[in-house]
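Colleague: If you scroll down you'll find the structure; I have some questions about it.
Computed from the coordinates by the stated procedures, all read-outs in this text should not be read as laboratory data. This is a predicted model, so every value here is computed, not measured. We place every Cβ from the backbone using ideal geometry, glycine too, and count neighbours over all the protein chains shown.
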Amino acid sequence: MPESTEKQVMALLERQLQDIWDGDVDDYKTTSAGDCTFFEWYISPQRIDGLDFHLRELRVHRDVIGGTPDPLEEEHFIEHEILQPRVQVYGPTAIVTFTLMIRAVHPDRLVRKSHNETRVFHNFGSASEPDWKLVHCHKSPMATAGSLSVLRT
């Protein structure tokens, strides 16, 4: 039995997030459209067009999320949880909305960051041979003590 579209899209989302933590620019590039767009509140107040900027960010994302890791810290790692995911499929387009919780674990501290996220994927393949790619990503801050200073009033 073929895997459901929802499961395919969620597997792709997990793969993309792991690519971010691993800094796997090449794999992330294969799962994203070259003309994809991003709204990332913590990077820019305006839309970011195209994949090139995002790939440069991806190269340093692990250090940005977890703080600059000490190479001697063997216990440092980053993990995530996708909370309350919802996949909506409209023909060759799938929309995933969720809350992303990120944990950066250090020997002496734990850093948690969360935001709400929408990712839009498009199937550039066919129903029998899907080729899902990210075409848009929108991240929104959560109203926490750490995010209130960036919210516009």
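Colleague: What does the convex hull of the Cα atoms of segment 5-148 come to per residue, in Å³, rounded to a whole number?
Modeller: Here the figure is 117 Å³ per residue.
Colleague: Follow-up. Rounded to the nearest 0.05, what FRET efficiency do residue 95 and residue 22 have when you use their Cβ-Cβ distance and R0 = 35 Å?
Modeller: For residue 95 and residue 22, the calculated efficiency is 0.90.
Colleague: If the label point is 7 Å along Cα→Cβ of residue 14, which residues in segment 73-114 have backbone nitrogen under 11 Å from it?
Modeller: 82
Colleague: If you don't mind, another one. Please give the residues of segment 34-56, grouped as numeric ranges, whose backbone N is less than 20 Å from a label point set 7 Å along the Cα-to-Cβ vector of residue 88.
Modeller: 37-40
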